[in-house]
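Bear in mind these aren't lab numbers, they're just calculated from the coordinates by the rules spelled out. Just so we're clear, the structure is a prediction, and the values are computed from it rather than from any experiment. In this analysis, Cβ positions are derived from the backbone assuming ideal geometry, glycine residues included, and neighbour counts consider all displayed protein chains.
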Amino acid sequence: MIPYEDLKKTNELMLGEIKEAVSQTIDSGWYILGNEVKKFEQTFSELHENSFCSGVASGLDALTIGLLSLDLPKGSEVLVPSNTYIATVLSIVQNDLRPVFVEPDLETYNISPTNIEKMISPNTSAIIVVHLYGKVCEMDKIMPLALKYNLKVIEDCAQSHEATLDGKKAGTFGDIAAFSFYPTKNLGAMGDAGAILSKDPVLDERIKAIRNYGSKIKYHNDYIGMNSRLDEIQASILNVKLKYLSLITDHKVKLAQLYFDNLSSSFVLPNRNSRFKDVFHIFNIRHDERDNLKKFLAMNNIQTEIHYPISPCNQKALENIMFQGESNISMLIHNTTLSLPISFGHTQNQIEKVIQTLNEY
């Protein structure tokens, strides 16, 4: 069996260091907002043009707290790609804001700058861009639009650690950037974890208060806050794995190249452009017979995933939300997309077997 993801195998190389780091953290007796979190926040900020970094409990909390910290007018509209994961939309709804769907570009699967401008209204306050699958959005076109219409920009970087556009990293373009360190991410913890980047020290101070019950000083609460703190043990794991992030990224890029070089032209492969460094959190293909293809691969002991089978506007949890925007392109993607194995734990031989089986289909 070739699994879609094998986290035990993925973490094998660094497991000794992780166990030592966790043991030292346990022995320290300090488990919330201590030295490990500070160390991770400092290192992660340095990787992103010295942005300010706040560790939080999950990627969803990073989006939710990030939006809350911007103090957007309640009921105002936030533009969001129609094919994103539901977490992006939940963060909008939970802040009493209105999601407005913007169709993606069918080649990149990222939010279309042309479609963004079509959906801006007098009630629009922000744009959430999602760097989907590990490719940065066209921020060189999106940021001028945000400036023109005085809109805040939130980057959802859950899948784009180390991805770049013209050498500039995901998470360094907008007002806020939200990262997830869910275990399957290129930089993954061993549990839920997330972080928020910002360029403004005052905004960062507010974020750090909101994540901690709205408190800057213990028992003094300045904001309606949350309990969402990156814990010391997960931070210690991330401090180890951060040293391996470039190695992980390079491995996934090499596996992606095998797919590009050898897959049949009957599959729609990810779009490539020399201006973009894609990090392939997900290697996405599309095929009109996606469901049959997935079954065929499973019969041949190859696991795949679908990111994502159901669009946010069709989720029961959101059935009472008044959505604006279209989702025709989004539905086409949802109905034909298939994610192939491409993890740090996969070998070249395994990917070659996946390719052979796909081409046989």
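Just going by the charge dipole of the chain, with Lys and Arg at +1 and Asp and Glu at -1 on Cβ, which of Val354, His220, Ile92 is farthest out on the positive end? After comparing all options, I get His220. Approximating the spin labels as points 7 Å out from Cα along Cα→Cβ, the Asn301-to-Leu258 distance works out to 1.6 nm. Here Cys137, Cys53, Cys313 are placed in order of increasing Cβ neighbour count within 10 Å, fewest first, which gives Cys313, Cys53, Cys137.
A simple rule links phi to the HN-Hα coupling: the Karplus curve 6.51 cos²θ - 1.76 cosθ + 1.60 with θ = phi - 60°, which for the range 128-133 gives 9, 9, 10, 7, 6, 6 Hz, with x for Gly and Pro.
For the range 153-280, count all C-alpha to C-alpha pairs, find those more than 24 Å apart, and express that count as a whole percent of the total. When all Cα pairs of the range 153-280 are counted, 41 percent exceed 24 Å.
For the range 70-129 versus the range 280-337, the spacing of their alpha-carbon centroids is 19 Å.
For Leu15 and Asp166, the difference between the fully extended length at 0.36 nm per residue and the C-alpha to C-alpha distance is 51.0 nm.
Derived scalar couplings between HN and Hα for the range 261-273 equal 6, 10, 6, 4, 6, 6, 9, 7, 9, x, 6, 10, 8 Hz in order, rounded to whole Hz, by the Karplus curve 6.51 cos²θ - 1.76 cosθ + 1.60 (θ = phi - 60°), x for Gly and Pro. Contact order, relative form, for the chain: 24 percent (alpha carbon pairs under 8 Å, 6 or more residues apart, mean separation divided by residue count). When the listed pairs Lys74/Lys277; Lys74/Lys169; Lys148/Lys199; Lys19/Lys216; Lys141/Lys295 are checked against a 29 Å cut-off, the alpha-carbon distance exceeds it for Lys74/Lys277; Lys74/Lys169; Lys19/Lys216; Lys141/Lys295. The alpha-carbon positions of the range 245-360 define a convex hull whose volume is 147 Å³ per residue. The H on the amide N of Val100, modeled in the peptide plane, is under 5 Å from the matching H of Val78, Leu79, Val80, each at least 5 residues off or on a different chain. Once both labels are positioned 7 Å from their Cα atoms along Cα-to-Cβ, the gap between Ser246 and Asp288 label points is 4.5 nm.
At q = 0.09, 0.10, 0.18, 0.20 Å⁻¹ the log10 of I(q)/I(0) for the range 71-218 amounts to -0.27, -0.34, -1.12, -1.37, computed by Debye summation with a single uniform scatterer per C-alpha, solvent ignored.
Straight-distance candidates among the lysines for linking to Lys294, with alpha-carbon spacing under 20 Å and chain neighbours fewer than 8 residues away dropped: Lys353.
For the range 245-360, averaging the sequence separation of C-alpha pairs within contact (under 8 Å, six or more residues apart) and dividing by the residue count gives a relative contact order of 39 percent.
Look at [x] 56, 52, 43; [y] 67, 57, 42; [z] 64, 54, 39: the one that is Cα extents along the principal axes in Å derived from this structure is [z]. Using the Cβ-Cβ distance between Ser265 and Asn335 with R0 = 25 Å, the FRET efficiency computed as 1/(1 + (r/R0)^6) comes to roughly 0.75.
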